[in-house]
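> First, the structure itself, so that you have it in front of you.
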Amino acid sequence: MFLRSKGSEELIGRVKEISGQDPHLCMQCGTCGGNCTAREFMDFLPRQVVRMVQLGDARALRCRSIWICSTCLLCTVRCPRGIDVARMMEALRVINLRRGREALPVAKIPAGLLGQVPQMALVGGLRKLSA
Ligand code: SF4
Ligand code: SF4
């Protein structure tokens, strides 16, 4: 029998609660990764991220893929099990951000760059990557 730790159960529960998705519906077909527009920059394919969530594996929180995901929704519209993978990616980002783990701390952005980056890109980036 496979016993999950308390931390694993908590991760699965938090992702379910925030995303409204059930990772256990995933049958690991790989359609999401096959269609992912950002997969070449990811360390784990969306299918693998979902698998880690199924298992309550904390690497799902630490992987680069969740920050690289552009929320293009292709995985979501093509998943044969109706799983909104993009929402699960977002849930993993939200868990990190609520714990103060940011991918882009504002203080680390060079001041000179702030005036050059388009405001919409800056706001969008900070909403996704900063707490
Ligand atoms: S497309 Fe859906 S069922 Fe297939 S691996 Fe991705 S999340 Fe799982
Ligand atoms: S929403 Fe994210 S994970 Fe899904 S296809 Fe787009 S970039 Fe890939």
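Quick note: the coordinates plus some simple rules give every number you see, no bench work behind them. If you're wondering where the values come from, they're calculated on a predicted model, not measured in any experiment. Heads up, the Cβs are rebuilt from the backbone with ideal geometry, glycines too, and the neighbour counts pull from every protein chain shown.
> Give me ILE95, ILE66, ILE109 sorted ascending by neighbouring Cβ count inside 10 Å, so fewest comes first.
Going from sparsest to densest Cβ surroundings: ILE109, ILE95, ILE66.
> Let me ask something additional. Once you've got the GNM for the chain with C-alpha springs shorter than 10 Å, pick whichever of MET88, MET120, MET42 has the biggest mean-square fluctuation.
Comparing MET88, MET120, MET42 in the GNM, the peak value goes to MET120.
> Go ahead and set up a Gaussian network model of the chain, Cα springs under 10 Å, then flag whichever of GLN116, GLN54, GLN21 fluctuates most.
Maximum among the listed residues: GLN116.
> To continue, here is another question. Cut-off is 10 Å between beta-carbons; in what order do VAL49, VAL106 appear when sorted fewest neighbours first?
Ordered by Cβ neighbours within 10 Å, fewest first: VAL106, VAL49.
> If each residue's Cβ is checked for other Cβ atoms within 10 Å, how do VAL117, VAL15 rank with the fewest at the top?
VAL117, VAL15
> How long is the gain from ARG51 to ARG101 if the chain were fully straight, where each residue apart is worth 0.36 nm and the alpha carbon distance is subtracted?
Extra length from ARG51 to ARG101 when fully extended: 15.8 nm.
> Only Cα pairs within less than 10 Å get springs; with that Gaussian network setup on the chain, which residue of VAL53, VAL77, VAL85 has the largest fluctuation?
VAL77
> Helix-derived [θ] at 222 nm for the chain: sum -39500 (n - 2.57) over DSSP H runs of at least 4, divide by residue count, nearest 500?
Dividing the helical sum by the residues of the chain leaves -14500 deg cm²/dmol.
> Could you tell me the relative contact order of the chain? Use alpha-carbon pairs under 8 Å, at least six residues apart, and round to a whole percent.
Over the chain, the number comes to 25 percent.
> Straight-line reach from LYS6: which lysines have a Cα under 17 Å away, not including same-chain ones fewer than 8 places off?
LYS16
> Percent relative contact order of the range 1-66, based on C-alpha pairs within less than 8 angstrom and at least six residues apart?
RCO, the range 1-66: 38 percent.
> Further question: Which value, in Å³ per residue, describes the convex hull spanned by the Cα atoms of the chain?
Per residue, the Cα convex hull of the chain comes to 112 Å³.
> Report, ordered by chain and residue number, the lysines lying within cross-link reach of LYS108, taken as a straight Cα distance under 28 Å and ignoring same-chain residues fewer than 8 apart.
Filter leaves LYS128.
> Then there's this: So in the chain, which Cys have no other cysteine's beta-carbon sitting under 4.7 angstrom from theirs?
Cysteines lacking a close Cβ partner in the chain: CYS26, CYS29, CYS36, CYS63, CYS69, CYS72, CYS79.
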